[in-house]
Amino acid sequence: QVQLVESGGGLVQAGGSLSLSCAASGRTFGTYAMGWFRQAPGKEREFVAAINWSGYSTYYADSVKGRFTISRDNAKNTLYLQMNSLKPEDTAVYYCAAQYGSTRYREVISAYKYWGQGTQVTVSS
């Protein structure tokens, strides 16, 4: 069982940066692949980024590649999303999620068994 709590959201102007964190419970955090998803009003939840159990492999949606960086610190049971060069279209509630062991199904929402409550990111133009 994993409990996830996101933090770090807020209001930022276009071109600015935010860093999101996701604190996870349990000493088995390092066995899970992790992902970030986001959902804007009136839109479906979409994949943002994923990272494998060790942090060696990372994956990004085309819309954020080159601007966002996903990372993890298993010793601290924490997942991160560094967001740079933010755009108004990045405005959404951001969720972290966990699935056991693999990023094979990184874009499949149903593959993630544990979800945080979300944190709001708003980017003004």
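Tabulated results
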{"item": "Selection from the stretch 28-61 of residues that are part of a loop (DSSP other than H, G, I, E, B), farther than 24 Å from residue 3 by Cβ and open to solvent by less than 70 Å² (accessible area, probe 1.4 Å)", "result": "40, 57, 61"}
{"item": "Top-ranked residue of the stretch 1-27 - restricted to ones that are among the polar types (S, T, N, Q) and assigned to a strand (DSSP E or B), ranked as surrounded by the most Cβ atoms within 10 Å (Cβ to Cβ)", "result": "21"}
{"item": "Residues of the stretch 82-121 classified as small (Gly, Ala, Ser), out of contact with any strand residue (DSSP E or B) (no Cβ under 7 Å at 6 or more places or on another chain) and in a loop (DSSP other than H, G, I, E, B), total", "result": "1"}
{"item": "Qualifying positions in the stretch 104-125 - among the aromatic types (Phe, Trp, Tyr), open to solvent by 20 Å² or more (accessible area, probe 1.4 Å) and out of contact with any helix residue (DSSP H, G or I) (no Cβ under 7 Å at 6 or more places or on another chain)", "result": "114, 115"}
{"item": "First in the stretch 79-94 and closer than 22 Å to residue 4 by Cα, second anywhere and open to solvent by 60 Å² or more (accessible area, probe 1.4 Å) and of a type in the set (Val, Ile, Thr), Cβ under 7 Å, 6 or more apart", "result": "82/69"}
{"item": "Complete set of residues in the stretch 67-79 that are out of contact with any Lys or Arg (no Cβ under 7 Å at 6 or more places or on another chain) and surrounded by 21 or more Cβ atoms within 10 Å (Cβ to Cβ)", "result": "68, 70, 72"}
{"item": "Qualifying residue in the stretch 37-45 (condition: touching a Cys at 6+ places or on another chain (Cβ under 7 Å), at pLDDT 95 or above and of a type outside the set (Asp, Glu))", "result": "no"}
{"item": "Count of residues meeting criterion [crowded, with 21+ Cβ neighbours inside 10 Å, at pLDDT 95 or above, within 19 Å of residue 59 (Cβ to Cβ) and not small (Gly, Ala, Ser)] in the stretch 81-103", "result": "6"}
{"item": "Selected residue [within 13 Å of the chain's Cα centre (by Cα) and without any contact (Cβ under 8 Å) to a residue 40 or more places away in the chain] from 51, 70", "result": "70"}
{"item": "Filter result for residue 64 (of a type in the set (A, V, I, L, M), buried (at least 17 other Cβ atoms within 10 Å of the Cβ), touching a helix residue (DSSP H, G or I) at 6+ places or on another chain (Cβ under 8 Å) and without any contact (Cβ under 8 Å) to a residue 40 or more places away in the chain)", "result": "yes"}
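The values are calculated or read from the model by the stated rules, or taken from the named source; none is laboratory data. These figures come from a predicted structure and were not determined experimentally. Neighbour counts are summed over all protein chains in view; Cβ atoms, including those assigned to glycine, are modelled from backbone coordinates with ideal geometry. Just so you know, the surface numbers come from the protein's heavy atoms only, side chains and all, with ligands and any DNA or RNA stripped out. Shrake-Rupley method; radii C 1.70, N 1.55, O 1.52, S 1.80 Å.
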